[in-house]
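Taking it in order: structure first as structure tokens, then the write-up.
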């Protein structure tokens, strides 16, 4: 079904934005792995940072692990964590519940579920559900780390402000930096990006962006040709993040403008090991890792919830209507989406590694 | 495994480029559907067109249906088609079999399969396997057509030459045109595109491009939130096509540069039906169709096989080497990939439709 | 993974006997179905009845639905229910935690999970987890009932005491009776069965039995040949119930002793409809329902936990040891397993129905 | 879908009895394994032995491997084998094609596939399709053998004639004997069994039987609790064999008559290794192997095709009818089913082993 992902490592996500709780069950984790719950909390805290980089919102929604961990270690049984929904303000949604918000899933959910879906706060479609991905990814990241594999990401762009791309390899310093502040490589772009967001907010508008992710430390030979390749699997989980509208590996769309002689990564020996001088393929050839870092970018559309008046339709009366969305909305989801992208990638990579 | 895709409609692809045969089994087709084999042959012929648009190569590799069809109709049992491999020239590969071709899966396959993979012609990684996707997609397309659903595609760009994008809707004339010639919307770009390819070939080089695909006639409410959405499923099968390095839905990466007020598609009533004035979301909101055409673009890297000398490593001796690829190679796979993209999409859409 | 079952209707079970909670997520339920939670509570109460048919144990472990239900109806999103573990007495297990209980999964879990599994009360292997199956099955049963499909079961035997088998069809009266008391068809066997259990308990021993289950009201044409047939799917979920060691459909093992002329069910017209005079095949031919009730029997081994001294091995010290299991154990799981069998069957049938 | 089985090792079966060919694709095999095709042919030949143990029918239907093997070794890509259908006599079926044969899938297939299924010879439901299972199982058996794992089976009973059960362990001599003649442990029962079959044939009737299967050499810790356990997986594939109506592990149904003290297998140390003195659980506790051989029995109903007149319904005219089945039919499928059972089990065990 839609909310279960994976093959040997599987996550099953449940919950609705304004229901009692959201949560996730992870199947297929190795037994006996010591979980660092403080590290998980830190990982999750990064998702809470507000888009305007003000101090993180005070949320007490720490996940409660209710199974799969015993005496601090994974038991090998399904690991489930619950996050209770507190302080939900459903009244904001009551007024507009039949007005399909442009860019949101209100209308499509209404059609698919014949109006029975929990519309409050977007229900199961809410960005809040990404907290479950982040929790699961935080767990998977720790296991990957124990294998020497790191998943890092930065904001490649917000609106028209661009960060520099990852170099061939990310230094340990950079990895630490990206997990602990405004996640950009070139610090000079932080302020302009924040300004881009602030401007959009001031205009009662929102803005999109791109996140670039790198998986380093993964050996060659992971993945498969055809349909269970690295790109297929990462793409299929990344499109599970709300607002993602595109993904590209290595040079991606830019490669389509190049000649083969410009795009091919030639192989060379470096201290006896095979690697490439460039990484235009993003670490994946024929669906299988080549030993270079996996690199991809995900495009996020601007937050559909904007304060401006918008035209829409009332799905109940089937009449044209004008919508004014109240409440505080994130003018740019990209900043908070960085740990969601790394988390989803960590889940995919651990699943890929569990296949022989 | 890697070569099985789908949930309720499943395809299982087998074969290696220079082995005895390649083929595909389709599970989950409805029973009693009358197949038009001539139409299938025409669909498959489009994949054979040479990259330089010279007359199609004379290939006698028509698929032989060996199960699942009785008295001209699907039986409901698995439908298998085999295409025998004739006229393979494996000797071309013998000389370079341990030299990893840059941009190809030679090295990654060697590592994953410990050197036991059939390296001849790329083996199971060969672009030839896309004939299986095309066959399966041709079958699925006929079933979709009987439901009023059409899947069309055109070359959005080759190298630096761009076609115009799809309009909001594709006319029936355009659909026919795209299935029966050089698949571009603006005929004026055909010659420059072909020149781009010819130039690359003359330079012993290759060139990439982008294919844009549209699914029209699909009703709202198809798909799922999270991981089995329209985007996840289409992406996961499209990345099964060799050389694809990116995919974007609707405005995709361009949406990341926009404001919400620019990107949101407002809902309106048209003759009592809900639709949108723009289709920046590519027909998908929250993983579910909104009744507008599904639109996406796939980026193809330039063919990795180029005639120029390239540096690489001999995986047997673990020494640096120089590689010269002999034989005739397609300087641009994009033209031939158009029916592969529509076929893969048709399979994905039929599978999406089979889920309640 | 091991704790996820199903294709279009999927359940994901989590939790350990002495952890914080157990629970289940159901994916793929139709949206807008009004759930009768009182009926669910009644269904679940049947699992709590003690093996000696004394009054049901006072347990407050009612499931808390935390997602997938809004205003009393299913939303179409994953439906999750949690049952918190209260009053667990883990100390009973502390003393014997390295002594593998014969007939239990202690040893096999220890090996598989390298000793990291939560051994308390059997952890994820505990019969307590069947409460999750019962909850999910109670939900599915209501949906089936709305389609006119009923799943009933009775105790076919306990030890050497046998009930009569189901007739060709179960009356509505019988269905009600079986869901609301000691579930036997012939009331005269109730007392002897209870005596069989009491005798075993008095001997510090346990006893096994057989449960017979009938799915009535299901139309012909449901299921598939080969591996997704009715028998494959029901068997694969029924073996998920602890202590089940066998399953047979229709005459099952008895059919193996017969001649074809004795076992074949001849077709006949009854009021214009095709049915059979006998139902030796248990309603399934070639994996597909034939319109007669589905009938199968599941064999339960005697409870492995018995109060007698038993020989075993200490998995820590790798030495022979003598084990004395303390605490109150059900001398016969069969009585309580009746709703577990019907629940698991209801899940399987709903999943079968969701496939085209 | 119905004709694909497995998770990490997957088989996809296709073909219809009187179509062009049948075949199977195996996904997930390790690369570089040297296949002994002569051994495969021998394995497959055992399935061809006639039920009366006359000389095997002369069939030239050797499988043609068309992918996945290169220079005698598995390549890691999908391995497909095709068996062409020769000498089919479809005319036998023409006369009775609308008369549903009792005990066969004719009627259920007609309903499910709306009459579009290939009815000739049972189509995709035919016992002939088990040749595909045997091929795939022969391949998997060789890989298992290289790991020290053997899968053997014998006829436990035909009609009312019983063989002795497997002892705790099967000797190498017994394993060889069972793979190379009439597969019984006690040679004295061979003649009576053959007589049972001959008598049934003389009476224009058929007879059923039971096959017992043992997997030896498998280490403890393989499998999972809940739904991916050894019993679930073996049951789900074994019910894919036509005519199977029951399966039981260890003592199975007989265990349901016992006390816990009789049925529990006590653990002991043998030369430092943990094992049990008895194997009443059939080598599986909590879905996971305990290091003892896996033992199960599968019940086969008598062949439904019998030469006697039978009552049935004409599905076209919806009228009662009398059916006389012509042609040569196997009066007992059990003898030929022995390698089918071991083959299916080998596939299941290899898949179980591929899960971490």
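Within the stretch B:172-214, the set of residues being within 22 Å of residue B:48 (Cβ to Cβ), more than 14 Å from every other protein chain (Cβ to nearest Cβ) and part of a loop (DSSP other than H, G, I, E, B) comprises B:179, B:180, B:181, B:182, B:183, B:184. Here residue B:345 clears all of (1) in contact with a strand residue (DSSP E or B) (Cβ under 9 Å, 6 or more places away or on another chain); (2) at pLDDT below 95 except the condition numbered (2). Can you find a residue that is outside any loop (DSSP other than H, G, I, E, B), closer than 30 Å to residue B:202 by Cβ, at pLDDT below 95 and out of contact with any helix residue (DSSP H, G or I) (no Cβ under 7 Å at 6 or more places or on another chain) anywhere in the stretch B:76-93? Within the stretch B:76-93, one or more residues are outside any loop (DSSP other than H, G, I, E, B), closer than 30 Å to residue B:202 by Cβ, at pLDDT below 95 and out of contact with any helix residue (DSSP H, G or I) (no Cβ under 7 Å at 6 or more places or on another chain). Residue by residue through the stretch A:15-36, note down the ones that are at negative phi, without any contact (Cβ under 8 Å) to a residue 60 or more places away in the chain and within 7 Å of chain C (Cβ to nearest Cβ). Within the stretch A:15-36, A:25, A:27, A:31 qualify. Each residue in the stretch C:266-297 was checked for being within 9 Å of another protein chain (Cβ to nearest Cβ), assigned to a loop (DSSP other than H, G, I, E, B) and under 28 Å from the mean Cα position of the chain (by Cα), and 7 pass.
Would a scan of the stretch D:223-239 turn up a residue that is buried (at least 20 other Cβ atoms within 10 Å of the Cβ), in contact (Cβ under 8 Å) with a residue 60 or more places away in the chain and away from chain C (no Cβ under 14 Å)? There is no residue in the stretch D:223-239 that is buried (at least 20 other Cβ atoms within 10 Å of the Cβ), in contact (Cβ under 8 Å) with a residue 60 or more places away in the chain and away from chain C (no Cβ under 14 Å). Checked against the criterion of being under 25 Å from residue B:195 (Cα atoms), within 13 Å of chain A (Cβ to nearest Cβ) and either outside any helix (DSSP H, G or I) or in contact with a strand residue (DSSP E or B) (Cβ under 8 Å, 6 or more places away or on another chain) (or both), the stretch B:130-153 has no qualifying residue. Candidates D:246, D:250: the one that is within 7 Å of chain C (Cβ to nearest Cβ) and closer than 25 Å to residue C:331 by Cβ is D:250. Scanning the stretch B:29-50 for residues that are assigned to a helix (DSSP H, G or I) and surrounded by fewer than 17 Cβ atoms within 10 Å (Cβ to Cβ) turns up B:37, B:38, B:39, B:41, B:42, B:45, B:48.
When each of D:134, D:151, D:164 is tested for being buried (at least 23 other Cβ atoms within 10 Å of the Cβ), within 24 Å of residue D:281 (Cα to Cα) and modelled with pLDDT of 95 or more, the lone residue that passes is D:151.
Restricting attention to the stretch C:317-335, the residues being crowded, with 24+ Cβ neighbours inside 10 Å and in a loop (DSSP other than H, G, I, E, B) number 3. Filtering A:295, A:313 for residues that are under 21 Å from residue A:151 (Cα atoms) and buried (at least 23 other Cβ atoms within 10 Å of the Cβ) leaves a single hit, A:295. Exactly one residue out of A:260, A:221 is over 14 Å from the mean Cα position of the chain (by Cα) and on the phi > 0 side of the Ramachandran plot, and it is A:221. When the stretch A:317-332 is filtered for residues that are touching a strand residue (DSSP E or B) at 6+ places or on another chain (Cβ under 6 Å) and within 11 Å of chain B (Cβ to nearest Cβ), the ones remaining, listed by number, are A:320, A:321, A:322, A:323, A:332.
Applying the set (1) farther than 29 Å from residue D:137 by Cβ; (2) buried (at least 18 other Cβ atoms within 10 Å of the Cβ); (3) in contact (Cβ under 8 Å) with a residue 60 or more places away in the chain; (4) out of contact with any helix residue (DSSP H, G or I) (no Cβ under 7 Å at 6 or more places or on another chain) to residue D:205 leaves exactly one unmet item: (4).
Residues that are crowded, with 24+ Cβ neighbours inside 10 Å, touching a helix residue (DSSP H, G or I) at 6+ places or on another chain (Cβ under 8 Å) and within 18 Å of residue D:350 (Cβ to Cβ) do not occur anywhere in the stretch D:242-263.
Of everything listed in (1) out of contact with any helix residue (DSSP H, G or I) (no Cβ under 8 Å at 6 or more places or on another chain); (2) within 20 Å of residue A:73 (Cβ to Cβ); (3) assigned to a loop (DSSP other than H, G, I, E, B), the single unmet condition for residue C:111 is (3). Counting the residues of the stretch B:298-316 that are within 20 Å of the chain's Cα centre (by Cα), assigned to a strand (DSSP E or B) and within 8 Å of chain A (Cβ to nearest Cβ) gives 2. Test residue C:255 against the stated conditions and say whether it is within 8 Å of another protein chain (Cβ to nearest Cβ) and in a helix (DSSP H, G or I). Answer is yes for this residue. Within the stretch D:105-125, being surrounded by fewer than 24 Cβ atoms within 10 Å (Cβ to Cβ) and under 17 Å from the mean Cα position of the chain (by Cα) holds for no residue.
The values are calculated or read from the model by the stated rules, or taken from the named source; none is laboratory data. Values in this document were obtained by computation on a predicted structure and should not be read as measured data. So basically every Cβ, Gly included, is an ideal-geometry build from the backbone, and we count neighbours across all protein chains shown.
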